[in-house]
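Laboratory data are not the source of any read-out in this text; all were calculated from the coordinates shown. Worth saying up front: this structure is predicted, and the values here are computed from it rather than measured. Virtual Cβ from ideal backbone geometry, glycine too; neighbours counted across all protein chains shown.
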Amino acid sequence: MNIGETLLNLWNSSGFAAMFQGDTWKCAVMLVIGCVLLYLAIVKKFEPLLLCGIAFGCILSNLPMGGLYHQEIWDAFMDADSAFYHSYGYVMKNGGLLDIFYIGVKTSLYPCLIFMGVGAMTDFGPLLSNPKSLLLGAAAQMGVFAAFFGAVLLGFSGSEAASIGIIGGADGPTAIFLTSKLAPHLLGAIAVAAYSYMALIPLIQPPIMRALTTAEQRKIKMVQTRTVSKTEKIIFPILVTLFVALLLPDTAALVGCLMLGNLFKETGVTDRLSDTVQNALMNIVTILLSTAVGATMVGSNFLTVETLKIVVLGVVAFGLSTAGGLLGGLVMCKLTKGKVNPLIGSAGVSAVPMAARVAQVEGQKANPSNFLLMHAMGPNVAGVIGSAIAAGFLLSVFG
Amino acid sequence: MLLASTLDDISIADAGLTALLGYAVVFAGLISLMIVITLLGKAFSAKKTAAAPAAAAPVAAAPAADAAPAAEPAAPGTAGQLKLHDVPPKTAAMLMAIVADETGKPLNELRFTSIKEVK
């Protein structure tokens, strides 16, 4: 036995050796990016439940010789001319662990299950007590379509632009759902941008809120809304599912799961299911989803000028969605002769409940006796439905 | 025709039109939903107000000697009056928010009847 040759073979088959060959420098850069994302998640607490998994997935898929994720398998999966076009059997047979995780993203299983958990954790009472909140949820989708238009101007294709635009919906599962269908090669960049900006909402929104509203408007106190009966809360998810899914069938999976989760919460006879969906299932799916999304951040896809454009367009989308919601709030303030505080419009950008909390904080800064949280929750949950409708529209056009 | 050009290479004009149409569809969808929810809410409010006099009738028929002084009737759909004893409204609001947070229940599912400072 030649010890020197054995050691040399061992070295040559290691990831360390592979790191210095050919194009693998990109993997090294991605490993650093993965560590930076981990730092943001752990130290800065940027959406840690998701960013931790995304960052670690990025590290795992960029380990040279690791074989956990194979971009070439998914390229073949998406190539209509390939013998393995849409062949999950091929992925199962030849894929690594993260490829198998990724099947759940590709089939939209994870985003839908996450939406079920979100539904089980959401109280639609504020929306039911003040249905006009839905208008603010609609107004706050402005950033989605403005960023879509901006992305086309910057040279992205229609499908890619639609996936980038949905970042403005401030709704991670919806962004992943749409991107995995329309532009899977951009999934890593879009997911990281969406979740990072969602974590930065307390920094992004307040300057826009102060710029678009006067101190007097921010001081407006809103009156308590009516109490919503339990029966109304039970009928609501059934009604929304029927209505929205019939209007835009492409949203049936997302809205259906959101409302099924909410029905579990509200029936009062499915507490065990509601508890499982809110906690155990949500946590398990979050682990699988975040790791799988992180795995798509392979150097060849991520280290491109497009990623920088996505980062810029993402923040523009967030800002414009906030502005759209605030403008909607200003219109409602005017029409109701000052009974609506326009700040609640900014909560129309989904991101439940962070955006509503920001509206509460800003309202209280202007008037310490102001309690906008419950009023802002209406537009906030309306934003979830609004972004699902926006995604359904984009999917029906570009899908 | 817009839908004919919904290919990946979309022109700027079509992109603008798609964006406007998309925004309009979101508004149309949510406005329709708003109308449906408003009608649902109105139906429930009407049902509640119709049920209220029926429930009040037996009380009115009870002997006058047993009757307590009549309280101000609460507006339909409200959670009733909250009595504050030596507690400023701001502190009361904070306390209610804390209780809602600790119990994990939304404020509109909780009913506070009185808040009193223990001295």
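Tabulated data
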{"item": "GNM top mover of A:111, A:368, A:206 - chain A, alpha-carbon springs below 10 Å", "result": "A:368"}
{"item": "Ordering of A:39-51, B:83-95 by packing [mean C-beta count within 10 Å, highest first]", "result": "A:39-51, B:83-95"}
{"item": "Amide H within-cut-off set for residue B:115, under 5 Å, with H built and near neighbours excluded", "result": "B:83, B:84, B:85"}
{"item": "0 to 90° range, to nearest 10: angle between helix A:172-182 axis and chain A longest Cα axis", "result": "60"}
{"item": "Per-residue average of Cβ from other chains inside 10 Å of A:125-132", "result": "5"}
{"item": "Chain A, helix-only ellipticity at 222 nm - DSSP H runs n ≥ 4, -39,500 (n - 2.57), divided by all residues, nearest 500", "result": "-22000 deg cm²/dmol"}
{"item": "Residue order, fewest to most beta carbons within 10 Å, for A:85, A:195", "result": "A:85, A:195"}
{"item": "Using a Förster distance of 25 Å, the FRET efficiency for residue B:98-residue A:365 (Cβ separation, nearest 0.05)", "result": "0.80"}
{"item": "The range A:198-319 - percent relative contact order, Cα under 8 Å, separation 6 or more", "result": "22"}
{"item": "Subset of A:181/A:365; A:334/B:83; A:132/A:365; A:265/A:365 violating a 32 Å alpha-carbon distance limit", "result": "A:181/A:365; A:334/B:83; A:265/A:365"}
{"item": "Burial ranking of peptide ranges B:109-116, A:381-388, A:392-399 (average Cβ count within 10 Å, highest at the top)", "result": "A:381-388, A:392-399, B:109-116"}
{"item": "Mean separation of Cα contacts under 8 Å, 6 or more apart, over the residue count of the range A:40-106: relative contact order %", "result": "23"}
{"item": "Listed residues A:311, A:29, A:255, most fluctuating in chain A (Gaussian network, C-alpha, under 10 Å)", "result": "A:29"}
{"item": "Protection proxy ranking of B:39-45, A:248-254, A:347-353, A:238-244 - average other beta-carbon atoms within 10 Å, highest first", "result": "A:347-353, A:248-254, A:238-244, B:39-45"}
{"item": "Computed over the range A:161-227: relative contact order in percent, which uses C-alpha pairs under 8 Å that are six or more apart", "result": "26"}
{"item": "R0 of 56 Å, Cβ-Cβ distance residue B:39-residue A:7: FRET efficiency to nearest 0.05", "result": "0.10"}
{"item": "Within straight-line cross-link reach of residue A:26, lysines at Cα separation under 20 Å, skipping those fewer than 8 residues along the same chain", "result": "A:309"}
{"item": "In Hz, Karplus ³J(HN,Hα) per residue of the range A:83-88 (6.51, -1.76, 1.60; θ = phi - 60°; x = Gly, Pro)", "result": "5, 9, 4, 6, 9, 5"}
{"item": "Net charge of neighbours whose Cβ lies under 9 Å from the Cβ of residue A:274, counting Lys and Arg as +1 and Asp and Glu as -1", "result": "-1"}
